[in-house]
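Asker: Dropping a structure here in structure tokens format, bear with me for questions.
Nothing in this text is a laboratory measurement; each read-out follows from the coordinates by a stated rule. Since the structure is predicted, the reported quantities are computational estimates derived from the model, not experimental observations. Heads up, the Cβs are rebuilt from the backbone with ideal geometry, glycines too, and the neighbour counts pull from every protein chain shown.
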Amino acid sequence: MIPFKSVLITGGGGFVGSNLALLLREAWPSLRVTVLDSLKRRGSELNLPRLAETGIEFRHGDIRCRDDFDDLPAFDLMIDCSAEPSVQAGLGGSPQAVLDTNLMGTIHCLEAAREQGAAFLFLSTSRVYPIQPLNDLPHEETSTRFSWTDRTDIPGYSERGVSEGFTLKGARSFYGTSKLAGEQLIEEYVYSYGLRALINRCGVIAGPWQMGKVDQGVITLWVARHFFGRPLRYTGFGGTGKQVRDILHVADLFDLIRLQLETPECWDGRVYNVGGGREGSVSLLELTELCVKETGNTVPITSVPETAGVDLRVYLTDTTKVQADFKWKPARNPARIVHDIHAWIDNHQQMVGRLLA
């Protein structure tokens, strides 16, 4: 059982928010679930019938507008999935849009939770860790990927990946900075108002119903391009496709959140790194091999050697802390993630083809 009766999920029309809403309703049928979303992201509207079928209430609203919280049903838990999620946001122009959403929007969410006396679960990002220190970590190049090499003298870094103790000093993108600022605001709300809060710094989350793009949702994009026979590009770090990320199935994220909801004594503002870990990591080159095996299709892939200033060579999540506190471990590997996405696309070709092809 969980000590909550009504949950509000901001960004609940998006990939993560809608999946969490449906899984919450499945796990606890008596839990009232309301989602708030502006439907700004293309494809979010496709989730509305899924939500309605299970009795989840949708409210059209924008977290940037404080008034949009006024007439919502009462809630005792907020899960904040709303964000401008692109690391490229603000580059080549003004950062105003990403800051309005990820900073001012988070303030509005926190105020709504404070007024309701609700607990607050914040989905942050591994992008709070600065770019240059990550790219400066010792590495080697193998036939299919870049790999970090063992060092024991760098705080927050080990063969398992990056832990919560890694440095936060340095530039990280406007997206990462806005999310880190949100974390720091949560810390103040916990201290000043006794807000019950948890922060999950998530890496790459993937799974069915994600409308993948180059800058957000790359796993779905890769599977979809193979499915529909469309070209791809390896961009940055020589254009070889050897960049590595660990990926986490959205269902594995829910499995963790379920355990967190059942452990109220941990809701004191603590921060967790959440991801697939070393075992759940894949390079773009390895992802291509998985997609070819899953779909049976090979697509042309060109090479763009130049590296953008926000790109990372490798990122792996050290999940030691969250595993210890909640006895949780991801159960679905990259091959399973690719399979689930492929099955979803295959079953919904007409609906998602115009977005993903």
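Asker: Compute the helix-to-body angle for 174-193: its Cα long axis versus the longest principal axis of the chain, expressed 0 to 90° and rounded to tens.
Answerer: That works out to roughly 30 degrees.
Asker: Can you sort H139, H249, H342 from fewest to most other Cβ atoms within 10 Å of each residue's own Cβ?
Answerer: H139, H342, H249
Asker: Excluding residues fewer than 8 places away in the same chain, name every one of the aspartates and glutamates whose C-alpha is closer than 18 Å to that of K293.
Answerer: D340, D346
Asker: Moving on. So in the chain, what percent of DSSP beta bridges are antiparallel if you round to the nearest 5? Let's see the in-between values first.
Answerer: Working: 9 of 46 bridges.
Rounded to the nearest five, the antiparallel share is 20 percent.
Asker: I've got another one for you. If you line up the long axis of helix 334-347 against the longest principal axis of the chain, both from Cα atoms, how many degrees apart are they, to the nearest 10?
Answerer: Approximately 70 degrees, to the nearest 10.
Asker: Okay, moving on. For N135 and Q349, what does the FRET efficiency come to when R0 = 51 Å and r is the distance between their Cβ atoms, rounded to the nearest 0.05? Mind dumping the intermediate values first?
Answerer: On the way: r = 39 Å, r/R0 = 0.76.
Result of the calculation: an efficiency of 0.85.
Asker: Which percent, nearest 5, of DSSP beta bridges in the stretch 210-357 are antiparallel?
Answerer: Details: 4 of 10 bridges.
The antiparallel proportion sits near 40 percent.
Asker: For the stretch 1-79 and the stretch 273-351, what is the separation of their C-alpha centers, rounded to whole Å?
Answerer: Between the Cα centres of the stretch 1-79 and the stretch 273-351 lies a distance of 26 Å.
Asker: Considering only DSSP beta bridges where both residues belong to the stretch 172-291, give the percentage that are antiparallel (nearest 5).
Answerer: Details: 4 of 11 bridges.
Around 35 percent antiparallel, to the nearest 5.
Asker: Here's something else I'd like to know. To the nearest 500 deg cm²/dmol, what mean residue ellipticity at 222 nm is calculated for the chain from DSSP H runs of n ≥ 4 alone, each contributing -39,500 (n - 2.57), summed and divided by the residues?
Answerer: Roughly -10500 deg cm²/dmol at 222 nm, from the helical runs in the chain.
Asker: How high is the relative contact order of the chain, in percent, with contacts defined as C-alpha pairs under 8 Å that are six or more residues apart? It would help to have the intermediate numbers written out before the result.
Answerer: Details: 723 pairs, mean separation 63.5, N = 357.
Relative contact order for the chain comes out at 18 percent.
Asker: Highest mean first, what order results for 181-187, 191-197 on Cβ atoms within 10 Å?
Answerer: Numbers: 181-187: 17.7, 191-197: 15.4.
Peptide ranking by packing, descending: 181-187, 191-197.
Asker: Now for a different question. Which three numbers, in whole Å and largest first, are the semi-axes of the equivalent ellipsoid of the chain derived from its Cα gyration tensor as √(5λ)? The partial results should precede the final answer.
Answerer: Values: eigenvalues 190, 120, 73 Å².
Semi-axis lengths for the chain are 31, 24, 19 Å.
Asker: Specify whether the C-alpha gyration tensor of the stretch 300-357 places it in the rounded, prolate or oblate class, a ≥ b ≥ c being the square roots of the eigenvalues: rounded for a/c under 1.5, otherwise prolate if a/b is larger than b/c and oblate if not.
Answerer: Numbers: a/c = 2.97, a/b = 1.22, b/c = 2.44.
Here the stretch 300-357 falls in the oblate category.
Asker: Label point 7 Å out from E188 along Cα-to-Cβ: which residues of the stretch 79-106 have amide N under 17 Å?
Answerer: Hits in the stretch 79-106 for E188 at 17 Å: 99-106.
Asker: According to the square roots a ≥ b ≥ c of the eigenvalues of the Cα gyration tensor, what is the shape class of the stretch 242-346, taking rounded for a/c under 1.5, prolate for a/b larger than b/c otherwise, and oblate for the remainder? Show your work: numbers first, answer last.
Answerer: Details: a/c = 3.03, a/b = 1.65, b/c = 1.83.
It comes out oblate by the Cα gyration axes.
Asker: Give the lysines whose C-alpha is closer than 30 Å to that of K321, dropping any in the same chain fewer than 8 places away, or say none.
Answerer: Straight-line reach from K321, under 30 Å: K5, K169, K179, K242, K329.
Asker: Separate question: As an exercise, use a Förster radius of 35 Å and the Cβ-Cβ distance of D325 and I154 to find the FRET efficiency, rounded to the nearest 0.05.
Answerer: On the way: r = 24 Å, r/R0 = 0.67.
It comes out at approximately 0.90.
Asker: So what are the stretch 210-304's ellipsoid semi-axes, whole angstrom, largest first, if each one is the square root of 5 times an eigenvalue of the alpha-carbon gyration tensor? Don't skip to the answer; put the middle values down first.
Answerer: Details: eigenvalues 208, 43, 24 Å².
Whole-Å semi-axes of the equivalent ellipsoid: 32, 15, 11.
Asker: Turning to a different aspect of this structure: What order do you get for 268-276, 48-56 when each peptide is scored by the mean count of other beta carbon atoms within 10 Å, highest first?
Answerer: Numbers: 268-276: 22.0, 48-56: 14.2.
Order by mean packing, descending: 268-276, 48-56.
Asker: Could you state the principal axis extents of the C-alpha atoms in the stretch 1-137, from the largest down, to the nearest angstrom?
Answerer: 49, 34, 32
Asker: Enter the angle in degrees (range 0 to 90, nearest 10) between the Cα long axis of helix 105-116 and the first principal axis of the Cα atoms of the chain, meaning the one along which they spread out most.
Answerer: Helix 105-116 sits roughly 30 degrees off the main axis of the chain.
Asker: Report, to one decimal in Å, the Kirkwood hydrodynamic radius for the stretch 139-219 based on all distinct Cα pairs. The partial results should precede the final answer.
Answerer: Values: mean 1/r = 0.0621 Å⁻¹.
About 16.1 Å, per the Kirkwood formula over Cα pairs.
Asker: Determine, for each peptide in 228-241, 94-107, the mean count of other beta carbons within 10 angstrom over its residues, then list the peptides with the highest first.
Answerer: Working: 228-241: 16.6, 94-107: 18.5.
Result, highest mean first: 94-107, 228-241.
Asker: For the stretch 85-125 and the stretch 215-262, what is the centre-to-centre distance using only Cα atoms, to the nearest Å?
Answerer: Measuring centre to centre over Cα atoms gives 23 Å.
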